[in-house]
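Student: Have a look at this one.
The values are calculated or read from the model by the stated rules, or taken from the named source; none is laboratory data. Remember, it's a predicted structure, so these values are computed and weren't measured experimentally. Note that each Cβ is placed from the backbone with ideal geometry, even for glycine, and that neighbours are counted across all protein chains shown. Quick note on the areas: whole protein, heavy atoms, side chains included, nothing else; ligands and nucleic acids left out. Shrake-Rupley method; radii C 1.70, N 1.55, O 1.52, S 1.80 Å.
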Protein chains: 2
Amino acid sequence: MKVTLKDIAQQSGYSITTVSRALAGYSDVNAQTRQHIIEIANALGYQPNLLARQLRSQRTQTIGLIIPARDNGFSNDFFTQLILGIGDAAALENYDLLVSAQKPGEEEMEAYRRIAGGNRVDGMILARTRYNDPRISYLKSRDHPFVVFGRGAPGEDSDFPYIDVDGQAAIQVVTQHIIERGHRHIGLILPPPDIAFTQYRLTGYQQALAQAGIPYRPEYVVNGDLLRAGGYQGARQLLEHQAELTAIVACNDLMALGAMKAVQERGHQVGRTFAIAGYDDIPAAEYAQPPLTTIHQPLHEIGQRLVQMLIKIIAGNPPEDTHLLLPSKLIVRESSGF
Amino acid sequence: MKVTLKDIAQQSGYSITTVSRALAGYSDVNAQTRQHIIEIANALGYQPNLLARQLRSQRTQTIGLIIPARDNGFSNDFFTQLILGIGDAAALENYDLLVSAQKPGEEEMEAYRRIAGGNRVDGMILARTRYNDPRISYLKSRDHPFVVFGRGAPGEDSDFPYIDVDGQAAIQVVTQHIIERGHRHIGLILPPPDIAFTQYRLTGYQQALAQAGIPYRPEYVVNGDLLRAGGYQGARQLLEHQAELTAIVACNDLMALGAMKAVQERGHQVGRTFAIAGYDDIPAAEYAQPPLTTIHQPLHEIGQRLVQMLIKIIAGNPPEDTHLLLPSKLIVRESSGF
DNA sequence: GGCGTAATCCAAAACGTTTTGGATTGTTTT
DNA sequence: AAAACAATCCAAAACGTTTTGGATTACGCC
């Protein structure tokens, strides 16, 4: 049977209060008494009921995280990596993780209401910000602690705590790298337009072009679904209408791999006659043929920082700077040439 | 501020009991009253406090899962895939997931005690069984519902609910496939010996050899750490002392990829003069050069079945068969020859 | 003897639900 | 007119903690 404080109290002859305080280490209980109580607790295999403790103390030591359910059309590589980083960091701080898989949409909002509104967690971590994100408005309106991986889109005011990678700079750097390899006609495969970071990536691309004195041509830019299929289709579309292209930058690795296939099918030699670059540095990027030039984000570190920032916010002393922009790293591999 | 049943009771003039029963849909409350109460609840933005509900009703609608923290030396591809499967299935059944990242060892056991013993979850899912697994003994002794992905090792009695993939058959099939390609000197890179499934894999390998009339030679078998480095080292060791080898079967893809590197460094052409196969079908396997022949496990389906079985056990009516052995699939790619 | 102080203990309230076991009406049946 | 019944409501207990605000005792000091 479950053993409770009451059982220990009866067994030891002390009150529930004293047992509780003995086990919690308060100084107003006699050393011998405490010893005695601890022994009984161990003998009975006492484990505190965390629900009761949480209800009473109004703290859960838990962080909530809602991830997209599988069939949403997005790659999950990204989220699973993030979960690991968050999970590791949370464990170090003695927090657990409450995870719920939901499709974006009404069910997802319902999960936010249930988990955040239902007091199951002390704070939440969101990712992949969308335009006018209803999750953010909800949490803000409820005054529920949260941090976000990803700023709002350029137009929006991002007055919520976030950590982001400077995707604009990253795409600029990778585009610049492609330009340095001698390319002038460079296609771009963007994420869907409702994702908040899409605009930053486009701007980075435009900046690199401008810096090199290459005119920006909108017909070189398409949107993809962040999956391999989207990259494949996007690349085919580009190649069909813009035969002069000799390079493509894709906004994530899966799309880059899809694009690589389309480019190869068209007879180009990726890495020799055609350059391709991605973004994310997923494990498959390293093993692609040719290996994919890409942008590496420190996901594990990001997870840790998200947790640390959230915990400070929960504790009521948010860090001075709740808007963190982390740098990423260009990983040059063979797909962008030699 | 948080709005509770009490607030709705005051606002509406009814008692807390009636408010609770109205919202829960009991038939002993007048239709108009219910309507009125529901309206007030909505107006106030009422969200039930789940901690209180769980404490009172002794059900949490939550499944616990403890994953290895990052620096444990194992690949996490496997676990993250599993989390997604479990998360999706759990969401469908209206369960949430409580995840904690812990290094195997005393801290991990502590987490089991805290989470299972502390009433935070209705049941737990374990994976990667070890010899004489202390987690299993603990949960059994506590009578806490759980299911395991992975049987006990051959010698042990696996009298706990589990779902496993028939790794013995899988390795037999892949070894057989290599033999059919004409190889007679086939190395094997096993997982560490303390993992429960290691023995099954070895047996499958031996069976395939025996079936083909090839003598088993223990010097063809080494253990690796389930990481790329382990595969690399294992393969180097094999090649150094057993120069006659023309093929290597590795017990997971990461080790296979490491082995591939070692083999290539030695001047062999993988897929032509040398065959390599892995196990897991991680995303990188498809993109490896050459693409890796491997074993695909239906991880998403496994996650779903684990959840369904666990939920039945929690409800008190375990399914007839709590020992499920699922088949896997051989994925033939170029690394095993043409 | 009265008073302050320190050490040790505990009853009761509180966290926010759900459930139990009626209580109170009004209506129908005998 | 009494009895049975249906409809509607609710007070109080319970889940297992933590915390508040003392109570009790023993002791030293004036």
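Student: For the Cα atoms of chain A, what angle does the longest principal axis make with the long axis of helix A:167-180, in degrees from 0 to 90, nearest 10?
Tutor: Approximately 30 degrees, to the nearest 10.
Student: What nm value, rounded to one decimal, do you get for the distance between A:Leu92 and A:Ile16 when each label is placed 7 Å out toward the C-beta?
Tutor: So the two model labels end up 3.9 nm from each other.
Student: Something else: If each residue of separation counts as 0.36 nm, what is the full-extension length gain between B:Ala212 and B:His241 once their alpha-carbon separation is subtracted?
Tutor: Fully extending the segment from B:Ala212 to B:His241 adds 8.1 nm.
Student: Using unit Cβ charges (K, R positive; D, E negative) and no other charged atoms, how large, in debye to the nearest 20, is the dipole of the protein assembly as shown about its Cα centre?
Tutor: 740
Student: What FRET efficiency comes out for the pair A:Arg113/A:Met1, r = Cβ-Cβ distance, R0 = 35 Å, nearest 0.05?
Tutor: The calculated FRET efficiency here is 0.50.
Student: Moving on to the next point. State whether the protein assembly as shown is rounded, prolate or oblate according to the following rule on the C-alpha gyration tensor (a ≥ b ≥ c being the square roots of its eigenvalues): a/c under 1.5 gives rounded; otherwise a/b larger than b/c gives prolate, and the remaining case gives oblate.
Tutor: oblate
Student: With θ taken as phi - 60° and the coefficients 6.51, -1.76 and 1.60, list the Karplus ³J(HN,Hα) couplings across segment A:147-158 in order, rounded to whole Hz; mark glycine and proline as x.
Tutor: 9, 10, 8, x, 5, x, 5, x, x, 6, 8, 9
Student: When DSSP beta bridges are limited to those with both residues in the protein assembly as shown, what percentage is antiparallel, rounded to the nearest 5?
Tutor: 15
Student: Taking A:His296 in one copy and the same position in all the others, each labelled 7 Å out along Cα→Cβ, what are the pairwise distances from the first, in nm, shortest first?
Tutor: 3.1
Student: Rounded to whole angstrom, how close does the nearest chain A beta-carbon get to the axis mapping A onto B, and which residue is it?
Tutor: Its Cβ sits closest to the axis: A:Thr80, 2.
Student: If the cut-off is 20 Å between C-alpha atoms, which aspartates and glutamates fall inside it for B:Lys329, apart from same-chain ones fewer than 8 positions away?
Tutor: List returned: B:Asp77, B:Asp164, B:Asp166, B:Glu180, B:Asp253, B:Asp280, B:Asp281, B:Glu286, B:Glu301.
Student: Let me ask something else about it. How would chain B be classified by its alpha-carbon gyration tensor: rounded, prolate or oblate, with rounded meaning a/c under 1.5 and the a/b versus b/c comparison settling the rest?
Tutor: Here chain B falls in the prolate category.
Student: Here's a follow-up. So which chymotrypsin sites (Phe, Trp or Tyr not before Pro) in segment B:80-159 end up in coil per DSSP with only 16 or fewer other C-beta atoms within 10 Å?
Tutor: Passing both the DSSP loop test and the Cβ count: B:Tyr131.
Student: Between beta-carbons, use under 9 Å as the cut-off and find the net charge around B:His185, counting Lys and Arg +1, Asp and Glu -1.
Tutor: +1
Student: Follow-up. 7 Å along Cα→Cβ for the label point: how many nanometres lie between B:Glu265 and each equivalent label in the other copies, listed shortest first?
Tutor: 3.7
Student: Could you tell me how many degrees, from 0 to 90 and to the nearest 10, lie between the Cα long axis of helix A:77-92 and the main elongation axis, the longest principal axis, of the Cα atoms of chain A?
Tutor: 30
Student: Just to be sure I understand: of the beta bridges DSSP finds with both ends in chain B, what percent are antiparallel, rounded to 5?
Tutor: Here the share of antiparallel DSSP bridges comes out near 10 percent.
Student: To continue, here is another question. How large is the accessible surface of A:Ser141 in square angstrom, using a 1.4 angstrom probe and rounding to the nearest 10?
Tutor: A:Ser141 exposes around 90 Å² with every protein chain in place.
Student: Here's a follow-up. Counting only the heavy atoms of the protein chains, how much of B:His36 is accessible to a 1.4 Å probe, in Å² to the nearest 10?
Tutor: 80
Student: Of the GluC sites (Glu not before Pro) in segment A:207-307, which ones lie in a loop per DSSP and count no more than 10 other C-beta atoms within 10 Å?
Tutor: For GluC sites (Glu not before Pro) across segment A:207-307 that sit outside H, G, I, E and B with at most 10 neighbouring Cβ atoms in 10 Å, the list reads A:Glu244.
Student: Now for a different question. Taking the Cα atoms only, what angle lies between the long axis of helix B:299-315 and the longest principal axis of chain B, rounded to 10 degrees?
Tutor: 40
Student: Under the rule of at least 5 residues apart or a separate chain, name every residue whose amide H is placed under 5 Å from the amide H of A:Val3.
Tutor: The list, which skips near neighbours in sequence, is A:Gln47.
Student: What is the distance in Å between the Cα centroid of segment B:244-310 and that of segment A:24-69?
Tutor: Comparing the Cα centres of segment B:244-310 and segment A:24-69, I get a distance of 45 Å.
Student: At 7 Å along the Cα-to-beta-carbon direction for both A:Asp194 and B:Tyr26, put a label point, then send me their distance in nm to one decimal.
Tutor: With each label placed 7 Å out from Cα toward Cβ, I get 4.2 nm.
Student: When Cβ neighbours within 10 Å are restricted to other protein chains, what is their mean count per residue of peptide B:37-47?
Tutor: 1
Student: Give the range of the longest stretch in chain A that excludes all trypsin sites (Lys or Arg not before Pro) found in loop regions by DSSP and having at most 13 other beta-carbon atoms within 10 Å.
Tutor: A:60-265
Student: Please compute the contact order of chain A in relative form: average sequence separation of alpha-carbon pairs under 8 Å and at least six residues apart, divided by the residue count, as a percent.
Tutor: This gives 16 percent for chain A.
Student: Going Cα to Cα from A:Lys312, which lysines come in below 21 Å? Please leave out same-chain ones fewer than 8 positions away.
Tutor: A:Lys140
Student: While we're here: May I ask you to report, in nm to one decimal and beginning with the shortest, the distances from A:Gln211 to the same position in the other copies, taking label points 7 Å along Cα-to-Cβ?
Tutor: 5.9
Student: For segment A:5-48, what is the largest minus smallest coordinate of the Cα atoms on each principal axis, given in angstrom and ordered from greatest to least?
Tutor: If we take the Cα atoms of segment A:5-48, the spans are 23, 17, 16 Å.
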